[in-house]
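These notes are about the structure you will find just below.
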Amino acid sequence: MTTQALISHLQLGTTTVCRAWTVHRRDGVEMGFTDHDLDLVVDGVSCRADSGMTARTLNQTTGLSVDNTEAFGALSASAITENDLAAGRFDGAEVRVYLVNWQSPEDCMLQFRGTLGEISRTGGSFRAELRGLSDRLNQPHGTAYTSRCSAVLGDTRCRFDVSQPGYVATLAVATVEDGRVFLFPGLAGFDERWFEDGRFEVQTGAAAGLVGVVKIDRIEPGRRRIELWQSIGAEIVAGDSVRILAGCDKRPSTCRAKFANFLNYRGFPHIPGEDWLASYPVPDRPNGGARRVGGSDE
């Protein structure tokens with residue numbers, strides 16, 4: 001990418017420039033688009049000209065204000081599809097916007113880098129908000145002091161190996177109801193409610209790569225019933241393979257008894273609750289000044 005060559009080209013007065021966008025989804029898929037009438041390769045990504053992508057003027061500011069713009073385009077079976085948008089495959093995807101000399105695509109300038117924000121669909125087209133890198137400063141960061149664990153089961157803070165036997169099941173879907181209730185003829189060896197609050201990962205089919213969270217796990221006569229909190233955006237049909245992980249409700253007792261992982265517990269089970277902080281002395285209650293654990297004097 002030669003920025004100086006593009007600057008020299010712009011100084012000529014007569015220019016041959018266009019815009020290009022590259023999208024890097026969280027599932028690893030990489031896509032490129034351009035408003036030029038021919039396909040271009042920009043920064044190593046093939047940018048297609050048949051997507052109908054256009055963009056508004058990019059608003060950039062100094063300081064910590066969030067840069068923003070919008071992209072428009074037509075939904076198509078070969079580029080950005082309505083099913084992919086509904087399934088959330090583009091949520092949080094990284095976007096880079098370039099100004100490109102289409103006669104020499106290696107001469108380009110990165111004008112914007114950020115993520116996709118709100119996406120709306122109407123009349124066979126889509127409209128996507130692009131948010132700059134400084135938008136991350138609007139998000140809460142740091143550790144919250146809560147009684148329940150703040151780690152995610154299996155992450156680097158939890159350190160529990162979820163792939164070991166007894167904590168994961170891979171099997172084919174037998175029946176689907178309303179896109180969020182799944183019935184399995186055989187899921188023996190796991191207690192009832194074992195998978196509640198666990199991850200539901202789709203491995204094959206139109207919804208491959210999408211993830212849901214288990215709300216209800218019940219054993220019924222001759223089958224297992226798994227219900228998600230909300231339906232997965234893409235269609236799941238009988239025969240699709242799914243991977244279900246044991247659930248964790250973030251309680252210290254669950255961490256100790258179910259996973260034997262209390263040494264890595266990332267919560268503060270003995271922290272006083274809001275009721276205790278707002279309490280006051282009353283005549284019929286001991287007020288000896290001792291420390292309190294679990295809501296009682298000690």
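What follows is calculated from the coordinates using simple rules that are stated; it is not laboratory data. What you see is a predicted model, and the numbers here were worked out from it, not measured in a lab. Heads up, the Cβs are rebuilt from the backbone with ideal geometry, glycines too, and the neighbour counts pull from every protein chain shown.
Compared with the direct C-alpha span, the chain from T143 to Q4 gains 45.7 nm at full extension, assuming 0.36 nm per residue. Only one item in (i) 1.11; (ii) 0.93; (iii) 1.05 matches Rg/Rh (Cα atoms, Kirkwood Rh) derived from the coordinates shown, and that item is (i). I need to check one value: relative contact order of region 168-245, counting alpha carbon pairs closer than 8 Å and at least 6 residues apart, in percent. About 43 percent, as a whole number. Treating r as the C-beta distance of V41 and A238 and R0 as 51 Å, the FRET efficiency rounds to 0.75.
Label-to-label distance for T170 and A278 is 5.0 nm, based on points extended 7 Å past Cα in the beta-carbon direction. Please report the spacing between the Cα centers of region 6-54 and region 249-276 in Å, no decimals. Answer, in whole Å: 50.
Remark: spin-label model distance T15-E30 equals 2.6 nm, labels positioned 7 Å along the Cα→Cβ axis.
With contacts taken as Cα pairs under 8 Å at a separation of at least 6 residues, the chain carries a relative contact order of 14 percent.
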